[in-house]
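What follows is a single structure, written as structure tokens, with notes after it.
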Amino acid sequence: MSLLVVGLSHRSAPVSVLERAALTADAQVKLLQDTVAAEPATEAAVLATCNRIELYADVDKFHAGVAELSTLLAQHSGVGLEELTPYLYVHYEDRAVHHLFSVACGLDSMVVGEGQILGQIKDSLARAQELQSAGRLLNDLFQQALRVGKRAHSETGIDRAGQSLVTFGLEQLARGGDVQQWARGKKALVIGAGSMSSLAAATLARAGVAEIVVANRTLDRAERLAQILMDGDDTDVAARAVPMESVPAELTRADVTVSCTGATGLVLTAESVAEAVEGRTPPSAVPGEDGPTAPGGESGRTAGAQRSGPSGTSLGSEDGCPLELSSVQGTAGFSVLGEAAVAGMAAAELEQHAAWVDKGTVGGAQRAAGGSARPGTAGTLDPAADTDAIAALAATVATVGRIPERRRPEPVEEPQRPEPVLFLLDLAMPRDIDAAVHRLAGVRLVDIESLAEASAGAPMAADVDQVRRIVSDEVAAFGAALRAAHITPTVVALRTMAADVVAGEIARLDGRLPGLDDKHRAEITQTVRRVVDKLLHAPTVRVKQLAAEPGGAGYADALRTLFDLDPETVAAVSRAEDSTTEKDRGPA
């Protein structure tokens, strides 16, 4: 076995990188075709979901395989190899099997224990089978992964450890409250009609929403999904289908929107969402602010920039100031001369900061009696008060090259935001909804990035340990079966050679004893075959046992050498077995 997987997931890469590296359906097909055409790989399969991109291959050389698979992933994802490499992980042989089985059980999912990954693994195998890029190894591996995943869900309570990404996302929209109580009576808009969107629509229907509108580029698929929702026995939701052109209008009516399409660009921009909620949210009550934007938003930056010093210049806009002062304007306990201001600053920037301080005047801040800044005031600063601190900082930067951060500014208090009137759940990768929507008043957006942050601290159920034991047992069994199967062609070739020897000797006996009757010839033939079988039985059984153990691949080579077996004969047996297996193997 030379199984190799190269990939990246939400555990190894930030969502921004996963988003850029996301593969379209056409890109996945081309990636598979190029992988099996490459020299090190003979089989290939791609597992691409909203939070992972993995390329599986059967390779004959490890280092060449890693280099080739990494390069192909970079080429087809559109992310440069140098940028992508730090986020890639590599698993080989038994570790690769362990990884896929863990993925199939939901142990590596963003929401531990979710079962959607089984359908995605099944789709991945079906695609590889259709393109004939999956041979015996990957067929067996992926089908076994599906069985392991189903076993984990049936024999343990892993389902209690997590839920589907859809359910988890709705819980985040409801801020951890009861989803059914939160959803009851709401009007929902579902953008997309694929598997994830269908699951979202069904989940919303069971949660008790009053109406679901399905929008899709192919109206027929949207109509089919709407009809399925209407025909459901366990819900009484009203459902209808609309074309994508109707999304802006439907958005103005919707209380909750779920989007999961295969689009490469944004489906909902910040501007379109702002228009949809215009007039549905109360005006901001924060004095001096145009609107309740989040820290770092445009309004906050503008307000900070307009606070000017004695000379009329804006805070942080004076020539020679290396600090982004507007980002900390109004922060309690912050001093433009203090340690927090220059924490992490390089030596050259520190000198620039000192030169700027020596001017003696800083707009928008003044030393208070306690040595901290008084935001919103202006005046002359006395550098002498900070002489010792600056000297200590200079000594530190001379030693380590940067100023260590010992005290952070206290967080800026965010203006109170109105209650959301529109809830958005973006499950697409790359994202469907503009991330700038996070800053809009009256809107709550949950996307893949915020789901990853929320799930990072989620407690794991005790059943996870049981699933891990199942995975370990299944990996050992799969490896043993694979190693045993590796020696089977050699054993078959050995027994074929023995049968040929018996047949040759019986032919010679016929020539030497032409008068031998059929009864005696048959008895002699049977006796010789029994002798050969007994001589070969113990060695072949033992060699299969030894080959099933780790490192047992060398026993097949020893058997071929000891009995001088023709390598081409062994290869022919292997090809014949693969051909028979392919005919007997059904679809994923």
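Rounded if a/c is under 1.5, else prolate if a/b is larger than b/c, else oblate: which is region 78-194, with a ≥ b ≥ c the root eigenvalues of its Cα gyration tensor?
Here region 78-194 falls in the prolate category.
Roughly how many nanometres apart are two label points built 7 Å out from the Cα toward the Cβ at residue 126 and residue 24?
2.2 nm
Determine Rg/Rh for region 1-116; Rg is computed over alpha-carbon atoms and Rh is the Kirkwood hydrodynamic estimate from the same atoms.
On the Cα set of region 1-116, Rg over Rh gives 0.94.
If you project the alpha carbons of region 58-109 onto their three principal axes, what span does each projection cover, largest first, in Å?
Here the spans come out as 31, 27, 17 Å, largest first.
Label residue 220 and residue 11 with points 7 Å out from Cα along Cα→Cβ: what is the distance between them in nm?
Rounded to a tenth, the inter-label distance reads 4.1 nm.
Highest first, please rank the peptides 165-177, 236-248, 534-546 by the mean number of other Cβ atoms sitting within 10 Å of their residues.
So the peptides 165-177, 236-248, 534-546, ranked by packing, come out 165-177, 236-248, 534-546.
Let me check I've understood the local charge: for residue 193, count other residues with C-beta under 11 angstrom from its C-beta, Lys and Arg +1, Asp and Glu -1. What total comes out?
Overall, the nearby charge balance is +1.
Provide the per residue accessible area, probe 1.4 Å, for region 150-265, rounded to a whole number of square angstrom.
Details: 5410 Å² over 116 residues.
Value returned for region 150-265: 47 Å² of accessible area per residue.
Specify, per residue and in Å³, the volume enclosed by the convex hull of the alpha carbon atoms belonging to region 110-170.
79 Å³
Quote to one decimal, in nm, the extra length available between residue 236 and residue 536 on full extension: 0.36 nm per residue of separation minus the C-alpha distance between them.
Taking 0.36 nm per residue and subtracting the Cα distance, the gain is 101.1 nm.
With Cβ to Cβ distances under 13 Å as the rule, what net charge do the other residues near residue 15 carry (K, R +1; D, E -1)?
-1
Accessible area per residue, 1.4 Å probe, Å², for region 11-117: what's the number?
Counting only protein heavy atoms, the per-residue value for region 11-117 is 38 Å².
At a 1.4 Å probe, what is the % contribution of carbon and sulfur to the accessible area of region 121-168?
Its accessible area is 40 percent carbon and sulfur atoms.
Mind listing the long-range amide H neighbours of residue 107? Cut-off is under 5 Å, sequence gap 5 or more, other chains count too, H placed in the peptide plane at 1.01 Å from N.
113
Local charge sum around residue 473 (other residues, Cβ-Cβ under 14 Å, Lys/Arg +1, Asp/Glu -1)? Provide the component values of the computation, followed by the final result.
Details: positive: 147, 151, 468, 469; negative: 94, 155, 465, 474.
Neighbourhood net charge equals 0.
The values are calculated or read from the model by the stated rules, or taken from the named source; none is laboratory data. Fair warning: this is a prediction, and the values are worked out from it, not measured in the lab. In this analysis, Cβ positions are derived from the backbone assuming ideal geometry, glycine residues included, and neighbour counts consider all displayed protein chains. These area figures cover heavy atoms from the full protein model, side chains too; ligands, DNA and RNA do not enter into them. Shrake-Rupley method; radii C 1.70, N 1.55, O 1.52, S 1.80 Å.
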